[in-house]
1. Out of the stretch 84-124, which residues are modelled with pLDDT of 80 or more and over 28 Å from I29 (Cα atoms)?
2. For I3, work out the one condition from (1) at pLDDT below 65; (2) assigned to a loop (DSSP other than H, G, I, E, B) it doesn't fulfil.
3. Which of the residues belonging to the stretch 52-74 are modelled with pLDDT under 85, of a type outside the set (D, E, K, R) and not in a strand (DSSP E or B)?
4. Among what's in the stretch 20-51 and is more than 25 Å from L85 (Cβ to Cβ) and surrounded by 10 or more Cβ atoms within 10 Å (Cβ to Cβ), pick the residue that is modelled with the lowest pLDDT.
5. Would you pick out the residues in the stretch 75-91 that are more than 18 Å from M102 (Cβ to Cβ) and either open to solvent by less than 40 Å² (accessible area, probe 1.4 Å) or assigned to a helix (DSSP H, G or I) (or both)?
6. Name every residue in the stretch 63-74 that is within 19 Å of the chain's Cα centre (by Cα), more than 16 Å from N90 (Cβ to Cβ) and open to solvent by 20 Å² or more (accessible area, probe 1.4 Å), in order of residue number.
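The values are calculated or read from the model by the stated rules, or taken from the named source; none is laboratory data. Bear in mind the structure is a predicted one, so any value in this text is a computation, not a measurement. Using ideal geometry, Cβ is built from the backbone for each residue, glycine included, and neighbour counts are taken over all protein chains shown. We work out accessible area using only protein heavy atoms, side chains counted, and drop any ligands, DNA or RNA first. Shrake-Rupley method; radii C 1.70, N 1.55, O 1.52, S 1.80 Å.
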Amino acid sequence: MAIKTSFFLYYVPILFILALATRFEAGGIAIYWGQNDNERTLADTYATGNYDFVNITFLSTFGSGRNVMLNLAGNCDPYTPNGCLNVSSNVKSCQSKGIKVMLSIGGGTGASRGERKVTKELCIKIIRY
């Protein structure tokens, strides 16, 4: 009787967890992209096949009447006429391959200042950017 009880107490929960783990997909590998001067392009990054998620860093300027602005280190220059259009087309390519692309809003240093209150208008402005 003690053997049956210990089996159920110890092995059944482990078998249940293993069954769940095989039933649901585990999370994929993510990468922060956009802040290293020596990193590959976004297209090269997703072409490796190593990543399921790309977090583009950072949308560091927004709100308080300021123009929305990306900070992608040396990957593009938002002050030039075409700005970061090449990044935009690469985002679409990533998404077509099933890679989830997210945008990190704020900044790594905490120096950026955004709106404390997120409004519908601010969201629309960010999306259109």
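1. Selection gives K120, E121, I124.
2. Condition not satisfied by I3: (2).
3. F62, G63, S64, G65, N67, V68, N71, A73, G74
4. A21
5. Kept after step one, since they are more than 18 Å from M102 (Cβ to Cβ), are these residues of the stretch 75-91: 77-83, 85-86.
Within the stretch 75-91, P78, G83, L85, N86 meet the criteria.
6. If the condition is that a residue be within 19 Å of the chain's Cα centre (by Cα), more than 16 Å from N90 (Cβ to Cβ) and open to solvent by 20 Å² or more (accessible area, probe 1.4 Å), then M69, N71 are the ones that fit.
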